[in-house]
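These notes are about the structure you will find just below.
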Amino acid sequence: MIGALIISQIVLGVLVLALAVVCFALARQIGVLYERIAPAGALAINQRLKTGDAAPALSLTAIDGRAVAVGAGGRSQLFFFLSPDCPVCKSLLPVVSSIARAERDWLSVVLASDGGAAESHLDFQQREKLTEYPYVLSETLGRSFGVSKLPYAVLVDADGKIASMGLVNSREHLESLFEAK
């Protein structure tokens, strides 16, 4: 009877030691996996322009009549490309507004879209309380920046050069545009 008790304790000790080795191996593997899929910044999918290139010089008119000079220099500009029926775009609007308020000393935010009736975009602008930002409807602007998917953002520095750009699906992606600058 005592022999069986000693044997069971030895087997239990070996099993606990094996379990500890397996847990250590799994924890290490999780760490390796996390390094491989670390969070990314804004996803740059543009093949036409790259960081450091001069922003296309365009003179546009917002849907409320304000003049918007793209890449004119003087102040940095954040172009946020959106669509009124894009749920991710709508979820990022509070973040864009927050950034605009926090960085208003050096940054101008411009909302942009390339399609649809101006009336629906005006309604969207008023419904979402975005009237303080110029809202541009311009397919030329989207093509000039190589926008293919939404939401997309481009940060142009005060010298009129592209500081960063990319597909933005979260607050972290938007903030990464400023990290890159």
Counting just the residues of segment 73-88 that are surrounded by fewer than 21 Cβ atoms within 10 Å (Cβ to Cβ) and of a type in the set (A, V, I, L, M, F, W, C), which one comes out nearest to the chain's Cα centre (by Cα)? V88
Could you list all residues from segment 103-136 that are closer than 17 Å to L93 by Cα and aliphatic (A, V, I, L, M)? L107, V109, V110, L111, A112, L122, L130, V136
Scan of segment 58-87 for residues that are within 13 Å of L141 (Cα to Cα) and not hydrophobic (A, V, I, L, M, F, W, C), ordered by number: S59, T61, G71
Could you grab me the full set of residues in segment 111-126 that are within 15 Å of F81 (Cα to Cα) and either among the aromatic types (F, W, Y) or open to solvent by 90 Å² or more (accessible area, probe 1.4 Å) (or both)? D114, F124
Look at K129 and say whether it is surrounded by 15 or more Cβ atoms within 10 Å (Cβ to Cβ) and either modelled with pLDDT under 95 or not in a helix (DSSP H, G or I) (or both). no
Among all residue pairs at least 6 apart or on different chains, which show Cβ distances below 7 Å where the first residue, located in segment 97-111, is closer than 14 Å to T131 by Cα and free of Cβ contacts under 8 Å to residues at least 12 places away in the same chain and the second is in a helix (DSSP H, G or I) and open to solvent by less than 40 Å² (accessible area, probe 1.4 Å)? none
Quick test of your reading of the structure: S91 fulfils all but one of (1) more than 26 Å from A54 (Cα to Cα); (2) open to solvent by less than 20 Å² (accessible area, probe 1.4 Å). Name the failing condition by number. (2)
Starting from segment 53-73, take each residue that is free of Cβ contacts under 8 Å to residues at least 12 places away in the same chain and list its partners that are open to solvent by 40 Å² or more (accessible area, probe 1.4 Å) and aliphatic (A, V, I, L, M), counting only C-beta distances under 6 angstrom and pairs at least six apart or across chains. S59/A69
Are there any strands (runs of 3 or more DSSP E) wholly within segment 132-181 with 2 or more residues that are out of contact with any Leu (no Cβ under 7 Å at 6 or more places or on another chain), of a type in the set (V, I, T) and surrounded by fewer than 20 Cβ atoms within 10 Å (Cβ to Cβ), and if so which? none
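The values are calculated or read from the model by the stated rules, or taken from the named source; none is laboratory data. Note that this is a predicted model, so its numbers are computed, not measured. Quick reminder, even Gly has a Cβ in these numbers, built from the backbone with ideal geometry, and neighbours come from all protein chains shown. Ligands, DNA and RNA are stripped out before the accessible areas are found, and what is left, the full protein with its side chains, is counted by its heavy atoms. Shrake-Rupley method; radii C 1.70, N 1.55, O 1.52, S 1.80 Å.
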